[in-house]
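A quick write-up on the structure given underneath.
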Amino acid sequence: MPLHKRSRSHFQQGDRQRGARYFSEGRVNLVIDGTRAKARVEGTERHAYAVGFDWSRVAGERVLHAFCDCQRFAGGSPCKHLWATLLALAETGPENQPPGKDRLGLRKDRLQTWPELGIAGNGQSHAPVPAVAAKRPRTRSTRRKRGGRGGNDHGTAISWRSQFGSVREEINALATAAQTATLTQVRPPLDIFFLINTTASLGTSGLVLDIFGRSRNNGGKPG
């Protein structure tokens, strides 16, 4: 199971949604070195944020180490930059995902444990993430540079699948919470529909989805 699914419970819904948008927009520049990954995530308030993940202790201790130099992470909360990097890491393939399905603990590292990110003592990045000379991770932004017309379509399709997967997880979580809260009540089932808003999508760099719910009556027919 990918690391982002095993550590999902540590991230708030808003951070997951914004992180998924950053990933789909190709803002993650990822480099993998053994069991460590470092990334630059293009932000909105400044040029880029430095992110690091270390999964060397996942197999033995079920702990994922993480770092980001943004203010939200410094305040103690997992951020959208971490989530976007986890999605990009999952897209590189199963060889960069440690085996297992158990929920992981998320350990927030200090700056001193990530010297390869090139961050000065004041928290400002002073060196870019070096390019990979041999095999570069196949993130969405990498496919755009490699491929021609067909490469863009393939990279975009994978990113949309990731987005749909995130939306599906959110709906399942909401449905589970609703069932728990109304355990003593009997309610008719609810049909969920996804519609692509083509008008709104044309004005953005992403895909705008409209979500509708339709309840059924006791006979199982749409109400």
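The values are calculated or read from the model by the stated rules, or taken from the named source; none is laboratory data. Quick caveat: nothing in here was measured; it's all calculated off a predicted structure. Don't worry about glycine lacking a Cβ; one is built from the backbone with ideal geometry, like all the others, and counts go over all protein chains shown.
In segment 106-118, the residue that is modelled with the lowest pLDDT out of those that are touching a His at 6+ places or on another chain (Cβ under 7 Å) and closer than 12 Å to Asp69 by Cα is Gly118.
Checking each residue in segment 28-51 for being outside any strand (DSSP E or B) and under 22 Å from Ala74 (Cα atoms) picks out Gly43, Thr44, Glu45, Arg46, His47. The number of residues in segment 77-121 that are in a loop (DSSP other than H, G, I, E, B), at negative phi and in contact (Cβ under 8 Å) with a residue 60 or more places away in the chain comes to 11.
Here segment 37-46 is the region considered, the condition is being free of Cβ contacts under 8 Å to residues at least 24 places away in the same chain and of a type outside the set (S, T, N, Q), and the residue that is surrounded by the most Cβ atoms within 10 Å (Cβ to Cβ) is Glu42.
Can you find a residue in segment 8-27 that is in a helix (DSSP H, G or I), crowded, with 17+ Cβ neighbours inside 10 Å and in contact with a strand residue (DSSP E or B) (Cβ under 7 Å, 6 or more places away or on another chain)? Within segment 8-27, one or more residues are in a helix (DSSP H, G or I), crowded, with 17+ Cβ neighbours inside 10 Å and in contact with a strand residue (DSSP E or B) (Cβ under 7 Å, 6 or more places away or on another chain).
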